[in-house]
Amino acid sequence: MELSNRQEQIIQIVKDNGPITGENIAEQLSLTRATLRPDLAILTMAGFLDARPRVGYFFTGKTGTELLTEKLKKFKVEEYQSVPIVVEEDVSAYDAICTMFLEDVGTLFVTNEFSHLVGVVSRKDLLRASIGNQDLSSVPVHIIMTRMPNITICEPDDLLLDAAQKLIEKQIDGLPVVHVQDDTFEVIGRLTKTNITKALVELGRDQHM
Ligand code: ADP
């Protein structure tokens, strides 16, 4: 976050003199306590300063980058996930392509008759199938999908940062968000590079509360 000149001055005063009361900070800046209140609130909320009752303000010692990292490490998958687009394993590759266009997604999750995750179909899987000159309406997706147990998943409570790391390590565009029940996975969401980008923009624009 961008700090105003006055906020920078407050930090310096607290660094040099902390713990220090709001009253004393105001005195040093020749301002009233009331005028300073919003700045002190911002600096405390952002984590630069901490306040103890009857003691005053003190400097937390954290840099802007440390505070940003702290914030990022609180982001959870469930706050950013999208709705999953799911097809059953016996739909055709042709229908899978139609679903991708209609739903405007690049990855489909494939489930069995019990609605358990059995695979993932991406754009490349469908392109690969279509250069084989096969009749795509007679090829079921379970033939061309990446299948369990090779599916990389995440859970709603996982850190967004850990999910992002999986996307990079596995070189994939998205992860199914699942509820794990015994050894089966129920698909409840979709986490893609777009979701991560959204989180990054929020963080940069300081919109995440
Ligand atoms: P695209 O095909 O649009 O480049 P990906 O890079 O996500 O999309 O997919 C590359 C390959 O990885 C495909 O074969 C796909 O089936 C597979 N894949 C995609 N997502 C996952 C996942 N979550 N777990 C395992 N494999 C995946």
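The values are calculated or read from the model by the stated rules, or taken from the named source; none is laboratory data. Quick caveat: nothing in here was measured; it's all calculated off a predicted structure. So basically every Cβ, Gly included, is an ideal-geometry build from the backbone, and we count neighbours across all protein chains shown. Only protein heavy atoms, including side chains, enter the accessible area calculation; ligands, DNA and RNA are left aside. Shrake-Rupley method; radii C 1.70, N 1.55, O 1.52, S 1.80 Å.
Rolling a 1.4 Å probe over the protein heavy atoms gives the stretch 5-69 an accessible area of 60 Å² per residue. Magnitude of the charge dipole for the chain, about its Cα centre and with charges confined to Cβ atoms of Lys, Arg (+1) and Asp, Glu (-1), is about 960 debye. Protein heavy-atom surface of the chain, 1.4 angstrom probe: 51% of the accessible area is carbon and sulfur, with nucleic acids and ligands not counted.
Normalised by 2.2 N^0.38 Å, with N the number of residues, the alpha-carbon radius of gyration of the stretch 70-143 equals 1.32. Distant-in-sequence amide contacts of residue 111, defined by a placed amide H-H separation under 5 Å and a gap of 5 or more residues or a different chain, comprise 87, 88, 89, 118. Shape index of the stretch 77-200: Rg/Rh, with Rg the Cα radius of gyration and Rh the Kirkwood radius from the inverse mean 1/r over Cα pairs, equals 0.97. When each of the peptides 129-136, 20-27 is scored by how many other beta carbons lie within 10 Å of its residues on average, the order from highest to lowest is 20-27, 129-136. For residue 75, nonlocal amide neighbours, meaning residues 5 or more places apart or on other chains whose placed amide H falls under 5 Å from its own, are 160.
In summary, the aspartates and glutamates within cross-link reach of residue 73, defined as a Cα separation below 18 angstrom excluding same-chain residues under 8 places away, comprise 155, 157, 158, 162, 202, 206. Restricting the GluC sites (Glu not before Pro) of the stretch 41-148 to loop positions (DSSP other than H, G, I, E, B) with no more than 13 neighbouring Cβ atoms within 10 Å leaves 113. In order along the stretch 187-199, phi translates into HN-Hα couplings of 7, 10, x, 9, 10, 10, 4, 4, 4, 5, 4, 4, 4 Hz, rounded to whole numbers, per the Karplus curve 6.51 cos²θ - 1.76 cosθ + 1.60 with θ = phi - 60° and x for Gly and Pro. Using a Gaussian network model of the chain in which every pair of alpha carbons under 10 angstrom is joined by a spring, one finds that among 183, 162, 50 the greatest mean-square fluctuation is at 183. Quick one: plug the Kirkwood hydrodynamic radius of the stretch 5-69 (C-alpha pairs) into Stokes-Einstein at 37 °C, 0.692 mPa s, and report D in µm²/s. Approximately 281 µm²/s, per Stokes-Einstein.
Across the stretch 33-55, no residue has a backbone nitrogen under 14 Å from the label position 7 Å along the beta-carbon direction of residue 2. From its DSSP helices (H runs of at least four residues, each -39,500 (n - 2.57)), the chain gives a residue-normalised ellipticity at 222 nm of -12500 deg cm²/dmol. Of all stretches in the chain that contain no trypsin sites (Lys or Arg not before Pro) in a DSSP loop with at most 12 other Cβ atoms within 10 Å, the longest one is 75-204.
Compactness check for the chain: Cα Rg over 2.2 N^0.38 Å is 1.51. The mean accessible area for residues of the stretch 77-200, using a 1.4 Å probe and ignoring ligands and nucleic acids, is 58 Å² per residue. To the nearest Å, what is the center-to-center distance of the stretch 36-60 and the stretch 1-19, using C-alpha atoms only? Computed from Cα coordinates, the inter-centre distance equals 10 Å.
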